[in-house]
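**Student:** Shown below is the structure under consideration.
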Amino acid sequence: MSSYRADALFSVKGKTVIVTGGGSGIGKGMAAALAINGAKVIICGRRVEPIEETAAELNAAAKESSSGGQVIAIQADVSTKHGITDFYNKCEHIIDKLDYLVNNAGFSSNWKDQSPITDPLTLAKKLFSIDDVDFANMTAIHVAGPYLLGVKFIPLFQKSADPSICNITSIASVFLNRAVCEFSYAQSKAAEAHMTTLMAAALQPFKIRVNSVCPGLFPSGLTTTSDGKLYSLLVGQLKNIPKGREGLVEEMAGPVMMLATPAGGYINGANLVIDGGWVLNSSANDV
């Protein structure tokens, strides 16, 4: 009956993991959970200083936990095929397998026109402020990037006993709250959710499980000001969340880690929404 123990059922000890965008926000939290519980975690980002600072902090935490976990920082641009190939070449020299890939890297274009979305006099101008390059950039980082990373790392995945991928999408992919989500971002996250099912189907011959996790309102660079406070627009949305608060990073990190453990070993092609019930209580009129 030892397989039912939490330390076996939810174990990531000895796993090799990549978390893109792992230098800050929920990416940092996911990397922390994995490393503190014994995984070897590679975090990557475009800027080397933040990921190196995060790696140092998380290595200290992993050492304190005596889990054997480790965090390695690698500078990489995972929005282009060239950048992904370069990242793979760096990784294959320091890891001999890949058990889990968390595609978390991303950003939002945000509205360039800050006029209210409820004002018909300015709405057309606001909607047209989205540039064609915004659609291209959002698709590159949120759809093409996760797909190309998953495919490029197949040789290392094949050396794992239970390889899996987790794409971090967004609540923007499943609800119609006009005030919260700029549309080039939202459409790319919806596409990423569908890409997850396509990847789950395509990678079956390699025994690679592919799932997505859809976070609601969590503290991150997309949702908070420079002093860490929620944007006022988002504070107004807390009334639609039963707990009346944003999510804790641990509440995101736990489910993402679970998908890499024996507890998640039979989950494939799923989209897990972690929003505290926000979608249940939100509509296009919540502005």
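**Student:** What's the number of the condition residue 100 fails, among (1) closer than 27 Å to residue 28 by Cβ; (2) of a type in the set (Phe, Trp, Tyr); (3) surrounded by fewer than 21 Cβ atoms within 10 Å (Cβ to Cβ)?
**Tutor:** (3)
**Student:** List the residue pairs whose Cβ atoms are under 7 Å apart, where the first residue sits in the stretch 154-180 and is acidic (Asp, Glu), the second is surrounded by fewer than 17 Cβ atoms within 10 Å (Cβ to Cβ), and the two are 6 or more positions apart or on different chains.
**Tutor:** So the pair list comes out as 162/265.
**Student:** From the residues in the stretch 106-148 that are of a type in the set (Lys, Arg) and farther than 30 Å from residue 82 by Cβ, which one is nearest to the chain's Cα centre (by Cα)?
**Tutor:** 126
**Student:** On to the next question. Quickly run through the stretch 235-250 and pick out the residues that are surrounded by 17 or more Cβ atoms within 10 Å (Cβ to Cβ) and either over 16 Å from residue 102 (Cβ atoms) or in contact with a strand residue (DSSP E or B) (Cβ under 7 Å, 6 or more places away or on another chain) (or both).
**Tutor:** Hits for the stretch 235-250 are 237, 240, 241, 246, 247.
**Student:** Identify, please: which residue in the stretch 56-91 is more than 27 Å from residue 142 (Cα to Cα) and of a type in the set (Ser, Thr, Tyr) and is, among those, farthest from the chain's Cα centre (by Cα)?
**Tutor:** Among residues in the stretch 56-91 that are more than 27 Å from residue 142 (Cα to Cα) and of a type in the set (Ser, Thr, Tyr), the one farthest from the chain's Cα centre (by Cα) is 66.
**Student:** Consider residue 36 against the criteria (1) surrounded by 24 or more Cβ atoms within 10 Å (Cβ to Cβ); (2) aliphatic (A, V, I, L, M); (3) touching a helix residue (DSSP H, G or I) at 6+ places or on another chain (Cβ under 6 Å): it satisfies all of them except one. Which criterion is unmet?
**Tutor:** (1)
**Student:** Which residue pairs have Cβ atoms closer than 6 Å, lie 6 or more positions apart in sequence or on different chains, and pair a first residue in the stretch 103-122 that is of a type in the set (Val, Ile, Thr) with a second residue that is at pLDDT 85 or above?
**Tutor:** Hits for this filter: 122/115.
**Student:** Which one of 157, 153 is closer than 22 Å to residue 82 by Cα, in contact with a strand residue (DSSP E or B) (Cβ under 7 Å, 6 or more places away or on another chain) and not β-branched (Val, Ile, Thr)?
**Tutor:** Being closer than 22 Å to residue 82 by Cα, in contact with a strand residue (DSSP E or B) (Cβ under 7 Å, 6 or more places away or on another chain) and not β-branched (Val, Ile, Thr) holds for just one of 157, 153, which is 153.
**Student:** Would you please list the contacts, defined by Cβ atoms under 8 Å and residues six or more apart or on different chains, that run from a residue in the stretch 88-101 that is among the β-branched types (Val, Ile, Thr) to a residue that is surrounded by 11 or more Cβ atoms within 10 Å (Cβ to Cβ) and in a loop (DSSP other than H, G, I, E, B)?
**Tutor:** Taking only residues 6 or more apart or on different chains, not a single pair turns up.
**Student:** Suppose we keep only residues that are free of Cβ contacts under 8 Å to residues at least 60 places away in the same chain and either among the aliphatic types (A, V, I, L, M) or within 22 Å of residue 31 (Cβ to Cβ) (or both) within the stretch 251-285. Which one would you say is surrounded by the fewest Cβ atoms within 10 Å (Cβ to Cβ)?
**Tutor:** Checking each candidate, the answer is 280.
**Student:** Still on this model: Collect the residues in the stretch 259-276 that are under 21 Å from residue 219 (Cβ atoms) and not charged (D, E, K, R), keeping them in residue-number order.
**Tutor:** Matches in the stretch 259-276: 272, 273, 274, 276.
**Student:** If you don't mind, there's one more thing I want to ask. Which pairs have Cβ atoms under 9 Å, sit 6 or more apart or on different chains, and link a residue in the stretch 184-208 that is over 14 Å from residue 139 (Cβ atoms) to one that is crowded, with 20+ Cβ neighbours inside 10 Å and among the charged types (D, E, K, R)?
**Tutor:** That search, which allows pairs on different chains as well, returns 200/209; 203/209.
**Student:** Name the pairs whose Cβ atoms lie under 9 Å apart, with the first residue in the stretch 1-17 and in contact (Cβ under 8 Å) with a residue 12 or more places away in the chain, the second aromatic (Phe, Trp, Tyr), and 6 or more positions between them or separate chains?
**Tutor:** Between residues of the stretch 1-17 that are in contact (Cβ under 8 Å) with a residue 12 or more places away in the chain and residues that are aromatic (Phe, Trp, Tyr), the close pairs are 12/100; 15/100; 16/100; 17/100.
**Student:** How about the stretch 152-187: which of its residues are farther than 26 Å from residue 91 by Cβ, touching a Cys at 6+ places or on another chain (Cβ under 9 Å) and of a type in the set (A, V, I, L, M)?
**Tutor:** If the condition is that a residue be farther than 26 Å from residue 91 by Cβ, touching a Cys at 6+ places or on another chain (Cβ under 9 Å) and of a type in the set (A, V, I, L, M), then 171, 172, 174 are the ones that fit.
**Student:** Sticking with this structure for a sec: Say whether the condition of being more than 21 Å from the chain's Cα centre (by Cα) and at positive phi is met by at least one residue in the stretch 20-28.
**Tutor:** No; the residues of the stretch 20-28 include none that is more than 21 Å from the chain's Cα centre (by Cα) and at positive phi.
**Student:** Considering only the stretch 1-19, state which residues are within 25 Å of the chain's Cα centre (by Cα) and among the aromatic types (Phe, Trp, Tyr).
**Tutor:** 10
**Student:** Take the residues of the stretch 173-223 that are within 18 Å of the chain's Cα centre (by Cα) and among the basic types (Lys, Arg): which is farthest from residue 27 (Cα to Cα)?
**Tutor:** Looking at the filtered set, the residue picked out is 209.
The values are calculated or read from the model by the stated rules, or taken from the named source; none is laboratory data. Only a predicted model underlies this, so the values are computations on that prediction, with no experimental measurement involved. Please note: Cβ atoms are built from the backbone with ideal geometry, for glycine as well, and neighbour counts cover all protein chains shown.
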